[in-house]
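S.K.: Below you will find the structure I want to go over with you.
FYI, it's all coordinate maths here, none of it is from the lab. Because the structure is predicted, anything quoted here is derived from the model rather than measured. Methodologically, a virtual Cβ is constructed for each residue, glycine included, from the backbone with ideal geometry; neighbour enumeration extends over all protein chains shown.
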Ligand SMILES: [Zn+2]
């Protein structure tokens, strides 16, 4: 992780982070003043299970994965956080979390000390309401993903994951390996290769040298399970920009 020399005024709330865009302007400005912009590199680990989480991250671009780590060292993705949210609410609450936070797509993030976020929230009912709303949205995301992983076919889950990543990175290209996606979905790598092959033959995506290109967004939406629509609606409706 690298601290970058970015003017904080370059952080454009409407363009960059849906959560920051939904809080009152005074709270937004207080968060910007208290924080700093950092550049997150691929596979940077921002938090290990049970470490004290000192910072809250509001991604401006890129994606952070929240992973559950099992005793054998394997890790499965439970949620992703991009420019629609923050990583994560355990830090905001001042509590330890059993999650690993891993940078899945490089990008920039506003990073604010968790105690500073709490201090600003203590004075603002509106900011607390946005945080509570986000926690509920994340609970719904994790619940829906748990149901999805039990019931829906791997190719539909792959399509859901690609769509959610596409929304969060705001680009038709993003880095991803089959091995990484297999870890994220908690399935074996050959299953991911078969599913990605199906999406590619249908003309929805192309995969080359560790990068996915989305070619047909509507086709990919049609190939995904219902979970994508349910989750996209949750975040859109909960966080209309306040400005
Ligand atoms: Zn599903």
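S.K.: Please work out which one of (1) touching a residue at least 40 places away in the same chain (Cβ under 8 Å); (2) farther than 20 Å from residue 28 by Cβ; (3) part of a helix (DSSP H, G or I) is the condition residue 91 fails and give its number.
M.R.: (2)
S.K.: Take residue 65 and tell me if it is in contact with a strand residue (DSSP E or B) (Cβ under 7 Å, 6 or more places away or on another chain), touching a residue at least 12 places away in the same chain (Cβ under 8 Å) and part of a loop (DSSP other than H, G, I, E, B).
M.R.: Values: in contact with a strand residue (DSSP E or B) (Cβ under 7 Å, 6 or more places away or on another chain): yes; touching a residue at least 12 places away in the same chain (Cβ under 8 Å): yes; part of a loop (DSSP other than H, G, I, E, B): no.
No: the conditions fail for residue 65.
S.K.: Taking region 106-158 as the search range and keeping residues that are touching a strand residue (DSSP E or B) at 6+ places or on another chain (Cβ under 7 Å) and not in a helix (DSSP H, G or I), which one is farthest from the ligand (Cβ to nearest atom)?
M.R.: Selected residue: 113.
S.K.: Among the helices (runs of 4 or more DSSP H) confined wholly to region 160-232, which include 3 or more residues that are in contact with a helix residue (DSSP H, G or I) (Cβ under 6 Å, 6 or more places away or on another chain)?
M.R.: The helices (runs of 4 or more DSSP H) meeting that bar are 178-185, 189-201.
S.K.: Based on this model, can you work out whether residue 219 counts as closer than 19 Å to residue 170 by Cα and away from the ligand (no atom under 15 Å from the Cβ)?
M.R.: Considered against the rule, which asks whether it is closer than 19 Å to residue 170 by Cα and away from the ligand (no atom under 15 Å from the Cβ), residue 219 comes out as yes.
S.K.: If a residue has to be surrounded by 17 or more Cβ atoms within 10 Å (Cβ to Cβ) and under 23 Å from residue 68 (Cβ atoms) to count, how many in region 179-201 make the cut?
M.R.: 10
S.K.: The conditions are (1) without any contact (Cβ under 8 Å) to a residue 40 or more places away in the chain; (2) closer than 19 Å to residue 83 by Cα, and residue 179 fails exactly one of them. Which is it?
M.R.: Unmet condition: (2).
S.K.: Also: Residues 37, 76, 103: which one is in a strand (DSSP E or B) and more than 26 Å from residue 179 (Cβ to Cβ)?
M.R.: 37
S.K.: Kindly list the number of the only condition in (1) free of Cβ contacts under 8 Å to residues at least 12 places away in the same chain; (2) more than 16 Å from the ligand (Cβ to nearest atom); (3) on the phi < 0 side of the Ramachandran plot that fails for residue 209.
M.R.: Result: residue 209 fails condition (3) only.
S.K.: Sticking with this one: Identify the residue in region 233-243 that is in contact with a helix residue (DSSP H, G or I) (Cβ under 7 Å, 6 or more places away or on another chain) and part of a helix (DSSP H, G or I) and, among all such residues, is nearest to the ligand (Cβ to nearest atom).
M.R.: 234
Yes or no, residue by residue, for (1) under 20 Å from the mean Cα position of the chain (by Cα); (2) more than 23 Å from residue 61 (Cα to Cα):
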{"residue": "141", "(1), (2)": "yes, no"}
{"residue": "147", "(1), (2)": "yes, yes"}
{"residue": "156", "(1), (2)": "yes, yes"}
{"residue": "173", "(1), (2)": "yes, no"}
{"residue": "183", "(1), (2)": "yes, no"}
{"residue": "204", "(1), (2)": "no, yes"}
{"residue": "208", "(1), (2)": "no, no"}
